[in-house]
Amino acid sequence: MEDYQELRSNLISMLEELSGRLARITDDVKHADQPVEKDFEERATQAENDEVLDQLGNAARTEVEEIRQAIARIDKGEYGTCMMCGEPIPKERLHALPYTGMCVKCASSAGC
Ligand SMILES: [Zn+2]
């Protein structure tokens, strides 16, 4: 069996970095440190920014979830095997995309 300890610690640092980023995005959305703009146009811009930040937040949350699952798969000894077809995922792919759960073929047929 492969030893994924190094990848696992990489995933954990990715998770920590993302959690920090997510916390900052959440702060921005809440306007924790700035008053809400009163001018209508600026308010519209701010609403647009919120939407972008929201999307960023969602993307980061999805990524956090994927990384968590990858770490769980390492712990269960399932990591490195495609969740769809059960074939081994090539090492190069795991290094490029450490939290992937699918081989190239399944990922492209799943559209992600
Ligand atoms: Zn597959």
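Throughout, read-outs are computed from the coordinates displayed, never taken from laboratory work. Note that this is a predicted model, so its numbers are computed, not measured. Note that we place each Cβ from the backbone using ideal geometry, even for glycine, and neighbour counts take in every protein chain shown.
Per the Kirkwood definition applied to all pairs of different Cα atoms, how many angstroms is the hydrodynamic radius of the chain?
Radius from the Kirkwood sum: 16.1 Å.
Of T62, L18, I74, which is farthest on the positive side of the dipole of the chain, counting Cα position, with +1 on Lys and Arg Cβ, -1 on Asp and Glu Cβ, and the Cα centre as origin?
Checked the options; the winner is I74.
Give me D54, D28 ranked fewest to most by other Cβ atoms within 10 Å of their Cβ, as a rough exposure proxy.
D54, D28
In deg cm²/dmol and to the nearest 500, what is the mean residue ellipticity at 222 nm of the chain if only DSSP H runs of at least 4 residues count, each as -39500 (n - 2.57), divided by the residue total?
Taken over the chain, the calculation gives -23000 deg cm²/dmol.
Going by amide H atoms built from the backbone, whose H comes under 5 Å of the H on T81, apart from near neighbours?
I89
At most 16 other Cβ atoms within 10 Å and a DSSP loop assignment: could you name the GluC sites (Glu not before Pro) in the range 51-112 that fit?
Answer in residue order: E78.
Expressed as a whole number of Å, what is the distance separating the alpha-carbon centroids of the range 38-112 and the range 1-20?
So the separation of the two Cα centres works out to 14 Å.
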